[in-house]
1. Name every residue in region 365-384 that is assigned to a loop (DSSP other than H, G, I, E, B) and surrounded by 15 or more Cβ atoms within 10 Å (Cβ to Cβ), in order of residue number.
2. Output yes when any residue across region 275-290 is polar (S, T, N, Q) and not assigned by TED's automatic domain parsing to the domain that holds Tyr184, and no when none is.
3. Condition (residue is touching a helix residue (DSSP H, G or I) at 6+ places or on another chain (Cβ under 6 Å), under 24 Å from Gly174 (Cβ atoms), in contact (Cβ under 8 Å) with a residue 60 or more places away in the chain and in the same structural domain as Pro168 (by TED's automatic domain parsing)) applied to region 59-78: is it met by at least one residue?
4. What's the number of the condition Gly66 fails, among (1) surrounded by 15 or more Cβ atoms within 10 Å (Cβ to Cβ); (2) at positive phi?
5. Considering each of Lys347, Lys300, Lys306 in turn, give the residue that is outside the structural domain of Tyr144 (by TED's automatic domain parsing), assigned to a strand (DSSP E or B) and basic (Lys, Arg).
6. Among Gly263, Gly313, which is within 30 Å of Glu79 (Cα to Cα) and either touching a residue at least 40 places away in the same chain (Cβ under 8 Å) or crowded, with 20+ Cβ neighbours inside 10 Å (or both)?
7. Go over the candidates Leu172, Leu164, Leu187 one by one and state the one that is modelled with pLDDT of 95 or more and under 21 Å from Met349 (Cβ atoms).
8. Take region 187-215 and flag every residue that is within 30 Å of Leu298 (Cα to Cα) and of a type in the set (Lys, Arg).
Amino acid sequence: MPIYTSLKKQDPDVYNALIGEMSRQTDGVELIASENYISPAVLEIMGSIFNNKYSEGYPGRRYYGGQQYTDAVENLAIERAKKLFNAGHVNVQPHAGAPANVAMYFALLNPGDTVMGMDLSHGGHLTHGSPVTYITKIFKFVTYKMKDVETGELDYELMRETALKERPKILLAGFSAYPRELNYARLKAIAEEVGAITVMDMAHIAGLIAGKQLRNPFDDGFDILTTTTHKTLRGPRGGMILCRDPEAGKRIDKSVFPGFQGGPIMQMIAAKAVAFGEALKPEFKDYARQIISNSKHLAKFFMDRKVKLITNGTDNHMMIIDCVKSWNIGGHEVEVVLDKVGITLNKNMLPDDPRKPADPSGVRIGTPAITTRGMKEAEMEKLGAYILGAIEKRNDEKALAGIHAEVIKFCRSFPIPGVVKE
């Protein structure tokens, strides 16, 4: 029996878009650092009848009846997340990473309080204090940067000076485009000196922490972790907030609901439970280890060929390429060229980038999705060659078409989990 028969019959326009997206993912290379492929089990539960149930409140404390099974899956998600990250309290209800951060701010701060986070162009996230976000109208944000973009070392001395001057209530770690591991102990020491709460937005590296390949900030005394669940953690799109101290969790819970969100999305919480269960299995450590190995191997491949990488390498799942220094073109042009050959990545700002966000100087590359497909070090060299070949031949449409054909053939050897064509 063909799949998606009801959709195909009822809404052929949406059906055709779905089939087109299946082909794009199957025949293309996904190098966006924040994207991944979920397992068939996670995909199944996301499309389940848990969608039909309204479950305002928390397990055992709901505002509607008929909650025995929603309570069961939410409790499973909570207990599995606690075990994964050695947390004292977990809230799995945030709809995404940005709402998780906003709910965390409202739980811990009063209007006008100060947060210190990583500068956006140095690798931070929009929710860490970018002036384009509404949250900056409520709280004050100050930033820290890298001291040396050649190594990625943060300017801890200036960070301490700024903290002593500004007295932030939260010292926020975490990033969306930073290839190195943070020194949580130094960050914690600065926070303690000024009485700040320590929060780590681990959205990008949650799976690498769960897989025991990167350090858990809780081990260095961090108070709170926020995260998405869909990047390296390989779960459904959603958010989560974890606390070391269960007492702090009470404030978080009240902030998430009823303070910021209404009813939780139960099919996504059930999917989180399934994904966390997968991450607790021994093979997930192997997966996390391979993500980093692939990232380091691809970074070395580029650097050996005179491609300029910010911080000159990587400790995690991503790398940032300076396209202007490497090829004298901007990140937008590189993104467009690689789209033509079926390789997807995203343009990205560089530290103190003189160019605008719509056409910045860099691109960001990540290895979680391709690692999920089973690619290893040998495939990193093939991908690197495709990328460099496409950029070199960017004005030759015939050559680009040839590379695209090779990429399609290459990709079909690495199936995507959960994708079944009719």
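The values are calculated or read from the model by the stated rules, or taken from the named source; none is laboratory data. Note that the structure is predicted; figures quoted are calculated from it, not measured. Methodologically, a virtual Cβ is constructed for each residue, glycine included, from the backbone with ideal geometry; neighbour enumeration extends over all protein chains shown.
1. Across region 365-384, the qualifying residues are Thr367, Arg373, Met375.
2. Residues of region 275-290 that are polar (S, T, N, Q), as a first pass: 290.
If we keep only those that are not assigned by TED's automatic domain parsing to the domain that holds Tyr184 too, we end up with 290.
Scanning region 275-290, I find at least one residue that is polar (S, T, N, Q) and not assigned by TED's automatic domain parsing to the domain that holds Tyr184, so the answer is yes.
3. Pass one, region 59-78, residues touching a helix residue (DSSP H, G or I) at 6+ places or on another chain (Cβ under 6 Å): 59, 70, 73-74, 76-77.
Next, only the ones that are under 24 Å from Gly174 (Cβ atoms) stay: 77.
If we keep only those that are in contact (Cβ under 8 Å) with a residue 60 or more places away in the chain as well, we get 77.
When the remaining residues are screened for being in the same structural domain as Pro168 (by TED's automatic domain parsing), the result is 77.
Checking region 59-78: at least one residue is touching a helix residue (DSSP H, G or I) at 6+ places or on another chain (Cβ under 6 Å), under 24 Å from Gly174 (Cβ atoms), in contact (Cβ under 8 Å) with a residue 60 or more places away in the chain and in the same structural domain as Pro168 (by TED's automatic domain parsing).
4. Of the numbered conditions (1) surrounded by 15 or more Cβ atoms within 10 Å (Cβ to Cβ); (2) at positive phi, the odd one out for Gly66 is (1).
5. None of the other options fit; the residue is Lys347.
6. Values: Gly313 fails: within 30 Å of Glu79 (Cα to Cα).
Step by step, each of Gly263, Gly313 is checked, and only Gly263 is within 30 Å of Glu79 (Cα to Cα) and either touching a residue at least 40 places away in the same chain (Cβ under 8 Å) or crowded, with 20+ Cβ neighbours inside 10 Å (or both).
7. Just one listed residue meets the conditions, Leu172.
8. Passing the criteria: Lys212, Arg215.
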